[in-house]
There are 2 protein chains.
Amino acid sequence: MTPRKRADAERNKQTLLAAAAAAFVASGVDAPVRAIAARAGVGVGTIYRHFPTRADLIVAVYQHQVEACAEAGPTLLAASSSPHVALGRWINLFVDFLVTKHGLAEALQSDEAAFQKLHAYFLDRLVPVCASLLEAAAAKGEIRDDMDGFELMFAVGNLCIGAGASPRYDARRMVEVLIAGLRAR
Amino acid sequence: MTPRKRADAERNKQTLLAAAAAAFVASGVDAPVRAIAARAGVGVGTIYRHFPTRADLIVAVYQHQVEACAEAGPTLLAASSSPHVALGRWINLFVDFLVTKHGLAEALQSDEAAFQKLHAYFLDRLVPVCASLLEAAAAKGEIRDDMDGFELMFAVGNLCIGAGASPRYDARRMVEVLIAGLRAR
DNA sequence: AAACATACGGAACGGTGTTCCGGATGCCAA
DNA sequence: TTGGCATCCGGAACACCGTTCCGTATGTTT
């Protein structure tokens, strides 16, 4: 038991994390494995040992931000004048996060096996938060009550795709329209 | 002049079109070039000669359906009880088209150079139709007047991504919510 | 039938992700 | 300190992918 990890292994993992973060900023989350390896001064095998799938690497890089977003849900609910306002603000947080990570929104709903874990992680962590905000708003009659967190998160994620690609497309605005469409009739 | 095309060239082009259509149904619009070539009993060079980019091939395969969708716009506008209803129906047409083509929605907003033409073709053909429906609805005060066709088409295309992937995500429903969000406040 | 223009096939190239294993390296016990 | 072992590393190698290119084959015209 307690098979403590070798020091160089842990060191490489941290180096890799930093290199990946830098590469993601420079070339998006699709940055070639070899490029990340080179940036870290490491062989490609080392990447796969620490992060078997690309999803593992992406999750590791953005975990803190996702966590922060998840935790902001209850906070906003408590601090906002209404659940509907809180929902709007929280969604904005999520959109801002996605929009500033090149290719992340695209990767999130890719059907490639390597991205399944990524999809699962984001959903597991954020859907419950979204659902609770939705429920609170629905309980007050502010929005329709037949919308579930999964579907809304999925849709918002999709709307963020191509956000940086065309200057004529404003993902934030379209998400707002979507949220507006949630209002009870 | 009148350098008439060789008979075998035209024959191959048609064979290729049929093979591509079949391959798209079987494996989505990302079907490997070699797979399409094999299906047509042709070398890969022949594909590139007739369809320099993948977008050219996709456009050729779906041109008729896109055209039909575009032409349905004015028809629906004339036949519906209100512009807003016509808009909803027309968008549904577009969504049905996209959702039944594996990977097409994804390809539509890919930033890869090969797909630029695809993006451009769809937009050139459908945005004006969408814009006229939007304008008609806005003129009657049914919807907000600050929405343009491009942005709406872009957003609807995005919402169609992953439509077949998860049974829990219903693209048609989310598009309806988006359209509902367009209503004038 | 000959000669020419055109189109074809598929090998070859550069770039991906992913696997695999001989060799180097940290770690611990003696 | 040193020996030996488990762990970890590097990068070559493989399997795909899109794309290009040119010797060869095939239509077309004279």
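The values are calculated or read from the model by the stated rules, or taken from the named source; none is laboratory data. Note that this is a predicted model, so its numbers are computed, not measured. Every residue, glycine among them, receives a Cβ derived from its backbone with ideal geometry; neighbour counts consider all protein chains shown.
Select from segment B:102-114 the residues that are over 17 Å from B:PHE154 (Cβ atoms) and in a helix (DSSP H, G or I) and write down the one among them that is nearest to the other protein chains (Cβ to nearest Cβ).
B:ALA113
Tally time: how many residues in segment A:62-75 are of a type outside the set (Gly, Ala, Ser) and buried (at least 20 other Cβ atoms within 10 Å of the Cβ)?
Here the count works out to 2.
Checking A:PRO52 against (1) within 15 Å of DNA strand D (Cβ to nearest atom); (2) assigned to a loop (DSSP other than H, G, I, E, B); (3) touching a residue at least 60 places away in the same chain (Cβ under 8 Å), which test does it fail?
Every condition holds for A:PRO52 apart from (3).
Take segment A:27-76 and flag every residue that is closer than 29 Å to A:MET153 by Cβ and hydroxyl-bearing (Ser, Thr, Tyr).
A:SER27, A:THR53, A:TYR62, A:THR75
The rows are residues; the columns are (1) in contact with a helix residue (DSSP H, G or I) (Cβ under 7 Å, 6 or more places away or on another chain); (2) at the interface with chain B (Cβ under 8 Å from one of its Cβ atoms); (3) modelled with pLDDT of 95 or more.
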| site | (1), (2), (3) |
| --- | --- |
| A:LYS140 | yes, no, yes |
| A:PHE150 | yes, yes, yes |
| A:GLY157 | yes, no, yes |
| A:ILE161 | yes, yes, yes |
| A:TYR169 | yes, yes, yes |
| A:VAL175 | yes, no, yes |
| A:ALA180 | no, yes, yes |
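What single numbered condition from (1) touching a residue at least 60 places away in the same chain (Cβ under 8 Å); (2) more than 12 Å from every other protein chain (Cβ to nearest Cβ); (3) of a type outside the set (D, E, K, R); (4) surrounded by fewer than 16 Cβ atoms within 10 Å (Cβ to Cβ) fails to hold for A:VAL99?
The failed condition is (4).
Residue pairs, Cβ under 9 Å, 6 or more apart or interchain, first in segment B:60-77 and farther than 19 Å from B:THR100 by Cβ and touching a residue at least 60 places away in the same chain (Cβ under 8 Å), second buried (at least 16 other Cβ atoms within 10 Å of the Cβ) and not aliphatic (A, V, I, L, M). List them.
B:GLY73/B:TRP90; B:GLY73/B:CYS130; B:GLY73/B:SER132
Output the number of the condition that B:ALA31 fails; it satisfies all remaining conditions of (1) free of Cβ contacts under 8 Å to residues at least 40 places away in the same chain; (2) surrounded by fewer than 16 Cβ atoms within 10 Å (Cβ to Cβ); (3) not charged (D, E, K, R).
Every listed condition holds for B:ALA31 apart from (2).
Picking from B:PHE115, B:PHE94, which residue would you name as being buried (at least 20 other Cβ atoms within 10 Å of the Cβ) and either out of contact with any Phe, Trp or Tyr (no Cβ under 7 Å at 6 or more places or on another chain) or touching a residue at least 24 places away in the same chain (Cβ under 8 Å) (or both)?
After applying the criteria, what remains is B:PHE94.
Considering A:ALA72, A:ALA35, A:ALA68, which residue is within 16 Å of DNA strand D (Cβ to nearest atom) and part of a helix (DSSP H, G or I)?
Exactly one of A:ALA72, A:ALA35, A:ALA68 is within 16 Å of DNA strand D (Cβ to nearest atom) and part of a helix (DSSP H, G or I), namely A:ALA35.
Determine, yes or no, whether B:LEU118 is touching a His at 6+ places or on another chain (Cβ under 8 Å) and closer than 25 Å to B:ILE58 by Cβ.
Answer is no for this residue.
Considering segment B:49-60 alone, what residues qualify as being under 11 Å from the mean Cα position of the chain (by Cα) and surrounded by 20 or more Cβ atoms within 10 Å (Cβ to Cβ)?
The one that is under 11 Å from the mean Cα position of the chain (by Cα) and surrounded by 20 or more Cβ atoms within 10 Å (Cβ to Cβ): B:ILE58.
Looking only at segment A:20-32, how many residues end up being assigned to a helix (DSSP H, G or I) and within 14 Å of DNA strand C (Cβ to nearest atom)?
So the answer is 5.
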